[in-house]
Amino acid sequence: MVPGRAETGRGRSGDLRDPWYDALASGWGELDGTGAPAAVVPARAAPPQQSVSPADIYLEVQRSDAFQEVRRRYRRFVVPATIGFFTWYVAYVVAATAAPDLMARPVSGAVNVAMLAGLGQFLTTFLLTWAYARHARVRRDRAALDLRWAVFEQKREQEREHEQRQRDAAREQGAAAEREQGAER
């Protein structure tokens, strides 16, 4: 046993506080010391929830109108841009294979249509990247940041409530212990 780990419970088989413990993989071909395969450790029952869980917070945000608006704005840009760029790319590839005479036509000196179209692919990639970044900055980042802040505030409030419940429980335990000591005297 590693010193200092016993206090936290880490390193024990089946301890869910151990970050390296993987409940889904335990028992798969591992031996239990007797030569037989180890049994899969059953998952611990979740303690009763008194407050909103983090998953509930995220689901609430996901269902919110503000989140749906951010998703709509994202799709309104990404779907047409993806279709347009994919169409342009496929047209370039099809033209290069189906119309080699057209692509070999000189434009200026040694530069032909295929070279210009290939350079156009790079140019449109950079332009699309710039347009996406600008669209995100102008149309989505502020709303997404507001949503992120709302989630942070909800989680922080939940942590405060949890800490308050722990302090109250510790106070109650201390008061009960004092009553027991007073009754024994």
Checklist entry - Percent relative contact order of region 66-153, based on C-alpha pairs within less than 8 angstrom and at least six residues apart? => result 43 percent
Item to check | Sites THR129 and LEU59, calculated FRET efficiency, Cβ-Cβ separation with R0 45 Å, nearest 0.05 | outcome: 0.90
Checklist outcome for this item: Simple SL model, points at 7 angstrom along Cα→Cβ for GLN181 and VAL138; separation in nm is 6.9 nm
Checklist entry - Amide H neighbours of ASN112 under 5 Å, counting only residues 5+ apart in sequence or on other chains, H built in-plane at 1.01 Å? => result VAL107
Next on the checklist: To the nearest 20 Debye, how big is the dipole of region 56-185 about its Cα centre, given +1 on the beta carbon of each Lys and Arg and -1 on that of each Asp and Glu?
Outcome noted: 760 debye
Item to check | Cα-projected label distance for PHE152 with ALA99, points at 7 Å along beta-carbon direction, nm | outcome: 5.3 nm
Checklist entry - Of ALA133, ALA170, GLN181, whose Cα points farthest to the positive end of the dipole of region 131-185 (charges on the beta-carbon: +1 Lys, Arg; -1 Asp, Glu; origin at the Cα centre)? => result ALA133
Next on the checklist: Given the options VAL79, ALA143, MET103, identify the residue whose Cα lies farthest towards the positive end of the charge dipole of region 50-179 (+1 on Cβ of Lys, Arg; -1 on Cβ of Asp, Glu).
Outcome noted: MET103
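Bear in mind that the values in this text are calculations on the coordinates, not laboratory data. Model, not experiment: these values are computed from the prediction. All Cβ positions, glycine included, derive from the backbone under ideal geometry; neighbour counts span all protein chains shown.
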